[in-house]
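The values are calculated or read from the model by the stated rules, or taken from the named source; none is laboratory data. Everything numeric in this text was worked out from a predicted model, so none of it was measured. Glycine also receives a Cβ, built like all others from the backbone with ideal geometry; neighbour counts cover every protein chain displayed.
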Amino acid sequence: MMSLDVEKTAAPAPLGKPVAVVTPGLLSDLARFGATDVSACFSCGTCTAVCPLVDNDATFPRRIIRYGQLGLRDELLSSKELWTCYHCGLCTESCPQSADPAQYMAAARRYAIAGYDRTRLARTLYTHPVVGAGVATVLAGVFALFLYAFHGERSTTSFQLFRFIPEGVVHWTGVAVMVLVALAALSGIVTMVAGIARKEGVAWRDVWGRVGRGHGWSAVWSAGAVESLGQRRYREDCAEAQTDREPLYRRRWFIHAMTMWGFTGLLLATMSDYALSVVGLRRTGTPEPIWYPVRLLGTVAGVMLVYGVTLMLVNRLGHLNRASRESAASDWLFLTLLWVVAVSGFLVELSLYVGTAPAWGYWIFLFHVSVALDLLVLLPFMKFAHALYRPVALFFHSLASQSTRVTTDA
């Protein structure tokens, strides 16, 4: 077998096209993100033949594996196809060389998240899990101490959350964190888009031109509503590829959808609750009937989130889904933080409705807000980053598919 330990060099390329830069040790680096040894892969095409997401692409996912074997880091990071995989595991089950392409693809996505991140925090979380857990713990502790520095009285007659921790402190701390997170996420998305556009040979004027013709808006709808929220391909194609037809409530696409819809619903409920308090229609942190629209949305979304995350954690223990046994430590950290935030949020809600104001409710509230801020800071650097990068990649994928159909029809 030809050695892949080559010096960093530039492969010959046709005149006018960018050269392919080889990064030595790329496979070894990918292994730090959880990739199995895919050197046994000889590009037989079995994974391509069985993958339900291939469409007319005769090289996916083996092309992504080949990038790793040849040390083509830039090509790997700028591959929109990397994000179309939902890790159904069918390619791994069918691989005659036991190269485990599914696990390789999952690791490649983690590697890409770290590659888009300029702070190197994502790389630390993925490759040094103990340090990452320490960072998350310390960060939550810092938030708790900061918020507690502004604490006030704890009423025992009526539960007044924002007398204990002033609403303004919670709000503006959250705003500051969200601004920082948005900047980090935007930086990663810009890096990703620039790489994809360069590889695909797409200029911004081409994108806007297609938007003007309606193709771009169709791609936005397909990537955002149909795929990211509707889970169409995950629900129809990947689910159909599974041989063990589990009940609906235990299917991976349904669990994934519950988690996403629950998180989105809680975000909408939180924003709506704050907007209503700004215009004076209600006071944040006070009990409302369960049928109150915002309260009902938050409750339903919270149940969905707890259900989805709980089943994800159980699946990763290997009880329900063998394909999810192997999971990065940072994935465990993210899911644990998400579960803790959701459950502690329910405990805060419960404390609002008991007869007297329980002392534990105030401390649960402080804990909940601190961990929620901690989770918010880490979102762009952990598994949740899929929710940022996958829709962008799916947008380009849909745009390319539409352009191909237009060319074919012409």
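Which condition does P96 not pass, out of (1) part of a loop (DSSP other than H, G, I, E, B); (2) not assigned by TED's automatic domain parsing to the domain that holds T36, if it passes all the others?
Here P96 meets the rest and fails (2).
In the list A184, A112, A133, which residue meets the criterion of being in a helix (DSSP H, G or I), within 30 Å of L82 (Cα to Cα) and not assigned by TED's automatic domain parsing to the domain that holds S330?
Going through A184, A112, A133 in turn, just one is in a helix (DSSP H, G or I), within 30 Å of L82 (Cα to Cα) and not assigned by TED's automatic domain parsing to the domain that holds S330: A112.
Name the residues in the range 158-170 that are touching a helix residue (DSSP H, G or I) at 6+ places or on another chain (Cβ under 7 Å) and touching a residue at least 60 places away in the same chain (Cβ under 8 Å), would you?
Correct list: F159, L161, F164, I165, V170.
When you scan the range 101-136, how many residues do you find that are in contact with a Gly (Cβ under 6 Å, 6 or more places away or on another chain) and under 23 Å from V38 (Cα atoms)?
Here the count works out to 2.
Examine the range 120-131 for a residue that is in contact (Cβ under 8 Å) with a residue 60 or more places away in the chain and within 22 Å of A194 (Cα to Cα), and state whether such a residue exists.
yes
Could you check I65 against (1) touching a strand residue (DSSP E or B) at 6+ places or on another chain (Cβ under 7 Å); (2) buried (at least 22 other Cβ atoms within 10 Å of the Cβ); (3) among the aliphatic types (A, V, I, L, M) and say which number it fails?
(1)
Given the conditions (1) part of a helix (DSSP H, G or I); (2) surrounded by fewer than 14 Cβ atoms within 10 Å (Cβ to Cβ); (3) modelled with pLDDT under 80, which single one is not true for Y234?
Result: Y234 fails condition (2) only.
Out of curiosity, is T92 at pLDDT below 90, surrounded by fewer than 23 Cβ atoms within 10 Å (Cβ to Cβ) and over 23 Å from F42 (Cβ atoms)?
Taking the combined requirement at face value, the residue does not satisfy it.
Give the residues of the range 136-157 that are in contact (Cβ under 8 Å) with a residue 24 or more places away in the chain and in a helix (DSSP H, G or I), sorted by residue number.
Listed by number, the residues that qualify are A136, L139, A140, G141, F143, A144, F146, L147, Y148.
Between residues in the range 73-87 that are at negative phi and not assigned by TED's automatic domain parsing to the domain that holds S398 and residues that are assigned to a loop (DSSP other than H, G, I, E, B) and of a type in the set (S, T, Y), which pairs lie under 7 Å by C-beta distance while being six or more apart or on different chains?
As it stands, the answer is R73/T23, since those pairs meet every condition given.
Looking only at the range 381-392, decide whether some residue is modelled with pLDDT of 85 or more and not in a helix (DSSP H, G or I).
Yes, the range 381-392 contains a residue that is modelled with pLDDT of 85 or more and not in a helix (DSSP H, G or I).
I'm trying to understand the selection: among the residues of the range 38-54, which are loosely packed, with under 14 Cβ neighbours inside 10 Å and assigned to a loop (DSSP other than H, G, I, E, B)?
The answer is A40, F42, S43, C44, G45.
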